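Trainee: Quick one: the structure is below, and I'll ask about it shortly.
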Amino acid sequence: MLEVMVNGCNGKMGQIVCDLVEQNENFILKCGFDKSITGEFAFPVFHKIEDITEKPDVIIDFSVPIATLHILEYAVKEHIPVVIATTGFSNEEERLIEEYSKQIPIFKSANMSYDIMIMKKLVQWLAPLLKDTDIEITETHHNRKIDSPSGTAQMLADTINSTLHNTLHCEYNRHNKREKRDKNEIGMNSIRGGNIVGEHTIQFFGEFETFELKHTSYSRNVFAEGSLKAAKFLINMPNGLYNMEDMFSI
């Protein structure tokens, strides 16, 4: 049985992960970590690294970038594998994560959904076939999401661009532009409202027809379940940086 620490255990996703861990006979909820602790927990919860007395087998992180990097310092010191489901990292933060992965196994994915991985694979196949179209990506999330665009939308855009030999660029804001659409851009559009779990749409606009690929998440449990699968995968892996494709290629 894997003993798990949940980083960001007081957040909405963190709470869902904690619940699933407690319901899963293959896992034990060793402890939680969060900068703000409200209410009562049936397991130890810490908000200072120096106070942690329970060493887990693996850490599952659903938090914010600064909290992720904070817990990674602890994980490297204690040599604990980490599953990162947090998004919104800067380029410098991404570089730091890569450096940490040389010392511990790290699983990092902008989206823990298996179907999103399939969507990524489909995009890799579609992009060369529809390379002469205008490509737009629209993502919709709940009104509490901080980062924009979503990590998943950026991952899909990067997948399209790399498949087309990095000939495109992302356009995040047309508000201040007064010019026609660049043929080599990927339009990135974000919508925030209500309690939408997550929706991602890729549209390929041709002159006479449009091809659309869409994925909708109806429950946050999808991401929580994915993180548990990632934790089980990661525990036996050597140091390195892994993602969804690595997990399902075995």
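The values are calculated or read from the model by the stated rules, or taken from the named source; none is laboratory data. Since the structure is predicted, the reported quantities are computational estimates derived from the model, not experimental observations. Every residue, glycine among them, receives a Cβ derived from its backbone with ideal geometry; neighbour counts consider all protein chains shown. Side chains are part of the model used for accessible areas, which takes the heavy atoms of the whole protein and leaves out ligands, DNA and RNA. Shrake-Rupley method; radii C 1.70, N 1.55, O 1.52, S 1.80 Å.
Trainee: Cβ contacts < 6 Å: first residue among the hydroxyl-bearing types (Ser, Thr, Tyr), restricted to the stretch 186-204; second residue outside any loop (DSSP other than H, G, I, E, B), any location; separation 6+ or different chain. Result?
Mentor: Partner pairs satisfying both residue conditions: Ser190/Glu139; Thr201/Thr138; Thr201/Lys214.
Trainee: Just for the stretch 45-72: of the residues that are part of a loop (DSSP other than H, G, I, E, B) and more than 15 Å from the chain's Cα centre (by Cα), which one is surrounded by the most Cβ atoms within 10 Å (Cβ to Cβ)?
Mentor: Per the stated criteria, the residue is Pro56.
Trainee: Select from the stretch 183-197 the residues that are modelled with pLDDT of 95 or more, out of contact with any Pro (no Cβ under 9 Å at 6 or more places or on another chain), of a type outside the set (Gly, Ala, Ser) and closer than 16 Å to Leu168 by Cα and list them in ascending order.
Mentor: Of everything in the stretch 183-197, those that are modelled with pLDDT of 95 or more, out of contact with any Pro (no Cβ under 9 Å at 6 or more places or on another chain), of a type outside the set (Gly, Ala, Ser) and closer than 16 Å to Leu168 by Cα turn out to be Asn184, Glu185, Ile186.
Trainee: Further question: For Phe233, are the conditions met, namely being in a strand (DSSP E or B) and in contact with a strand residue (DSSP E or B) (Cβ under 9 Å, 6 or more places away or on another chain)? Give the steps one after another, and end with the answer.
Mentor: Details: in a strand (DSSP E or B): no; in contact with a strand residue (DSSP E or B) (Cβ under 9 Å, 6 or more places away or on another chain): yes.
Judged against the criteria, Phe233 is not a match.
Trainee: Run down Ala42, Ala75 and say which single residue is more than 17 Å from Lys108 (Cα to Cα) and either at pLDDT 95 or above or open to solvent by 10 Å² or more (accessible area, probe 1.4 Å) (or both).
Mentor: Being more than 17 Å from Lys108 (Cα to Cα) and either at pLDDT 95 or above or open to solvent by 10 Å² or more (accessible area, probe 1.4 Å) (or both) holds for just one of Ala42, Ala75, which is Ala42.
Trainee: Show me the strands (runs of 3 or more DSSP E) found entirely inside the stretch 151-221 where at least 3 residues are among the aliphatic types (A, V, I, L, M).
Mentor: 185-192
Trainee: For residues that are within 18 Å of Ala67 (Cα to Cα) and either among the hydrophobic types (A, V, I, L, M, F, W, C) or part of a loop (DSSP other than H, G, I, E, B) (or both), tally how many sit in the stretch 17-43.
Mentor: Of the residues in the stretch 17-43, 9 are within 18 Å of Ala67 (Cα to Cα) and either among the hydrophobic types (A, V, I, L, M, F, W, C) or part of a loop (DSSP other than H, G, I, E, B) (or both).
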